[in-house]
Structure formats: C-alpha cells, structure tokens
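Everything on this sheet refers to the single structure shown next.
The values are calculated or read from the model by the stated rules, or taken from the named source; none is laboratory data. Nothing here was measured: the structure is a model prediction, and the numbers come from that model. All Cβ positions, even for glycine, are placed from backbone atoms using ideal geometry, and neighbour counts span all protein chains on display. Heads up: the accessible areas ignore ligands, DNA and RNA and are worked out on the full protein's heavy atoms, side chains in. Shrake-Rupley method; radii C 1.70, N 1.55, O 1.52, S 1.80 Å.
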Amino acid sequence: MKPFSRFSITLMAAGAIVLPLPTLVHAQAPVGGVVTFVVPAGGFGSSRFTDVIVGSLSAASKFCGALDSAYRVDCLAERIGKMAADIPEDTDYEEIKDVLNQTSQDMANLARRNRDSSKPRQNVSTGGSSPQATTRPLTAVRAESQASVNQQAEAILQNTETLLLRTPDDDTGKKLHYTRIAEAIGSNKTLLRST
C-alpha cells in the first residue's frame, strides 16, 4: 500500500467537489470549508493536483497583472512562494516544491535589492468570486530599475521552466506533470514584458 500525504485548500465558493484521486474523494464544502487532496508518494501524483498548481500559476498572473507594475515582480515571488508552501512534504511534488521555493526567493531578493523606498510595502487582496490575498507585504521596484528587474525576473522564470523541462522521463508520468507546470511558469513571463 502506498503512503499518502494530505494537501488542504480553503474553498471560497460553495459546492460539491468530486476528485478522481487514487481513492475517490467526495467533499461537500461550504464557503471557507477545507477540501483535502491525497497525493501519493512514490508513484507520481494525481493530474488533479497538477491542475491545482497550474491553475494557481494562472491565477497568480491575473492577480499580479492587476497591480501597479512596480509590485509585479515581488507579487509573482510571493504567489509562487505561497504555492510552494502549500505543496505537502514527502510527496512526488517535493522537487517542484523546492524549485518553486528557490524561484520565489530569487525573485523576492531581486525586488528587495531594487526597492523603491518612496512606495510603501503593502499587502494586497482582491474580492470577487475567487478572492486572493498576499501572505506578506509586497515590495515595489524603482521605476528606473523596472525594465532591468523585469528582464532578470524573466530570466529566473526561464531558468525554472528549463529546469522543469529537463526532468528525465520515467514510467510514472513525472515528465508530463513537470512539463505542464513548466509551461504555466513560462506563461507568467508575458506579465513582466507588459510593463
């Protein structure tokens, strides 16, 4: 029998969730309820879990894209860091967790080194059907440094994407999952080019 780890997310909308995982999980979740994903260790994980990561990367792009361009690099750093923190330990996604953590740290450090001290560090949140909020205050980048910082942040995302795409293929389907996540990481580069 395979060991399992748990992954919890908080739902913001009411509804029934049916997830085809190693064992079928049904959950009725009220607003603010918790749904638990079970991610197998040692047999590569669920495509639904990969969907969660890819969806989170897409949501991060929309969330950060709505901000003042000075905050976008650190916003992406924070969102990627939050995703990494939400990936459970001791699962097939641990390598992705490590890669996303490093990406987040590199981008956050880049923003801090180029901080615009005239703009406040601030937490950001959105309302609507899928509200989001930052887990820490975001750092603005100086206007005169934004083009260079965006290029460097894009290079960090490119490096992350390349690292994930170079994952060797095996019989667990790992390569497919890593490729989908790499493509979602890569799609965030356009956000940095649009500023």
Discussion item. Just the residues that are open to solvent by 40 Å² or more (accessible area, probe 1.4 Å) and closer than 21 Å to R115 by Cα, please, taken from the range 52-71.
Written reply: A66, D68
Worksheet item: Which one is most open to solvent (accessible area, probe 1.4 Å), of the residues in the range 83-115 that are in a helix (DSSP H, G or I), modelled with pLDDT of 95 or more and more than 18 Å from Q158 (Cα to Cα)?
Response: R113
Discussion item. Given the criterion hydrophobic (A, V, I, L, M, F, W, C) and under 30 Å from K119 (Cβ atoms), identify the matching residue among A182, A143.
Written reply: A143
Fill in: Of residues in the range 89-107 being over 12 Å from the mean Cα position of the chain (by Cα) and among the hydroxyl-bearing types (S, T, Y), the one farthest from A77 (Cα to Cα)
T91
Worksheet entry | Residues of the range 72-82 that turn out to be in contact with a strand residue (DSSP E or B) (Cβ under 9 Å, 6 or more places away or on another chain) and open to solvent by less than 10 Å² (accessible area, probe 1.4 Å), as a count | 5
Discussion item. For the range 144-176, which positions are open to solvent by 80 Å² or more (accessible area, probe 1.4 Å) and among the charged types (D, E, K, R)?
Written reply: E144, R166, D169, D171
Practice prompt. Would you be able to tell me the number of residues in the range 124-136 that are surrounded by fewer than 13 Cβ atoms within 10 Å (Cβ to Cβ) and within 14 Å of A77 (Cβ to Cβ)?
Written response: 1
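Restricting attention to the range 165-193, report how many residues are part of a helix (DSSP H, G or I) and touching a Lys or Arg at 6+ places or on another chain (Cβ under 8 Å).
2
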Discussion item. Within the range 120-162, take every residue that is among the β-branched types (V, I, T) and in a helix (DSSP H, G or I) and give me the one that is farthest from D86 (Cα to Cα).
Written reply: V149
Worksheet item: With respect to the numbered conditions (1) at pLDDT 95 or above; (2) open to solvent by 60 Å² or more (accessible area, probe 1.4 Å); (3) of a type outside the set (A, V, I, L, M), which one is the sole condition not fulfilled by S194?
Response: (1)
